[in-house]
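**Q** Encoded as structure tokens, here's the structure I'll be asking about.
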Amino acid sequence: MTTQAEDLLGARVTGADGKVVGTVEQVFRDDVDGTPAWARVRAGKSGRFVPLGSSKVTADGLSVPFDSKKIMSGPEIEAGQHMSAAQAEQLSQYYGLTVPAQQRMPAQEGMQRGQAMPTDETASAGGPRQPSGQGTLTEETTSAQESTLAGPDWLVRQEEQLQIGTQLVETGRVRLHKYVDIQPIEQSVHVFHEEYDIERVPIAAGEQISSDIGESVQELILHEERAVYQKEAVPVERVRLVTKRVGEDKTVRGEIRRERIEVEPDQATGPAGKKS
């Protein structure tokens, strides 16, 4: 699987029967090549493991070629931050992914230490070829040396070595939520309105105006401007969440055990093993 581990976190896991099992909460890498090998799936309050090598990433999430019942019946493993080789082997056996060890060649199985390899001439003659004296001596000498180095006269000193790696885990989630806020606004707008007024003009002497005495009506229409508004939704910016990687140095603290071999002479003897 060439997919990056960070792309799998939070992905929805679907079994071969089409049922959703849960979501990926943790990814474990292979100790040899560092590729994503196993994923812990959170299903309610329990967690199960699925193999990533035979799974596929789809538009809906992670598709696993095992049904949901098979996944949920898997072994309960407390892997913590690192999956051991024994735990990976247990899961591989459960899912039938264990690769059988290569069988030894029959010719090599028949060979014993101190016995020379047969040659083509021996095979054609139909019988084993006797090893040369020098070859037998070399093999016997090597066997004697190995037996001497592995004997009870030797103490083997061991020490632990710290192997530091990295593992991608989910630390949190961030969401963008768009809300609608109502904001009151005030804006001044210049308007006018009409009012009436009475204008009186005297009639000059001698001005001829014919009029009958009686009732009459004059009507005047008044107007005014009123402020009106309408609202329009206008896009103003684009907002999205992106991830950025910030590098930092972390100090790993731990303890390792180291064996120490010292000479403890007998009190009754000296450093050379003689009576003092």
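**Q** Quick one: in region 142-182, of everything that is over 26 Å from Q81 (Cα atoms) and acidic (D, E), which residue is modelled with the highest pLDDT?
**A** It comes out as D181.
**Q** Within region 260-275, identify whether any single residue is in contact (Cβ under 8 Å) with a residue 60 or more places away in the chain, closer than 30 Å to Q161 by Cα and among the charged types (D, E, K, R), and answer yes or no.
**A** yes
**Q** So which residues in region 65-94 are on the phi < 0 side of the Ramachandran plot and either of a type in the set (G, A, S) or in contact with a helix residue (DSSP H, G or I) (Cβ under 8 Å, 6 or more places away or on another chain) (or both)?
**A** Once the filter is applied, which keeps residues that are on the phi < 0 side of the Ramachandran plot and either of a type in the set (G, A, S) or in contact with a helix residue (DSSP H, G or I) (Cβ under 8 Å, 6 or more places away or on another chain) (or both), region 65-94 yields S68, S73, G74, P75, I77, A79, S84, A85, A86, A88, S92.
**Q** Suppose we keep only residues that are of a type in the set (K, R) and out of contact with any helix residue (DSSP H, G or I) (no Cβ under 8 Å at 6 or more places or on another chain) within region 1-54. Which one would you say is surrounded by the fewest Cβ atoms within 10 Å (Cβ to Cβ)?
**A** K45
**Q** Please work out which one of (1) more than 30 Å from R157 (Cβ to Cβ); (2) surrounded by 10 or more Cβ atoms within 10 Å (Cβ to Cβ); (3) of a type in the set (D, E, K, R) is the condition E259 fails and give its number.
**A** (1)
**Q** Determine which member of the set R253, R245, R238 is at pLDDT 90 or above, closer than 30 Å to R173 by Cα, of a type in the set (D, E, K, R) and assigned to a loop (DSSP other than H, G, I, E, B).
**A** Just one listed residue meets the conditions, R238.
**Q** A follow-up question, please. Would you point out which residue out of D17, D30 is without any contact (Cβ under 8 Å) to a residue 12 or more places away in the chain and not hydrophobic (A, V, I, L, M, F, W, C)?
**A** D30
**Q** State all residues of region 3-32 that are part of a loop (DSSP other than H, G, I, E, B) and at pLDDT 85 or above; if no residue qualifies, say none.
**A** Passing the criteria: L9, G10, A11, G15, A16, D17, G18, K19.
Here's the yes/no breakdown for (1) of a type in the set (K, R); (2) touching a strand residue (DSSP E or B) at 6+ places or on another chain (Cβ under 7 Å):
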{"residue": "E25", "(1), (2)": "no, yes"}
{"residue": "G34", "(1), (2)": "no, no"}
{"residue": "R42", "(1), (2)": "yes, yes"}
{"residue": "L62", "(1), (2)": "no, yes"}
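The values are calculated or read from the model by the stated rules, or taken from the named source; none is laboratory data. In this text, all values refer to a predicted model and were calculated from it rather than measured experimentally. Reconstructed Cβ throughout: ideal geometry from the backbone, glycine too, with neighbour counts over all protein chains shown.
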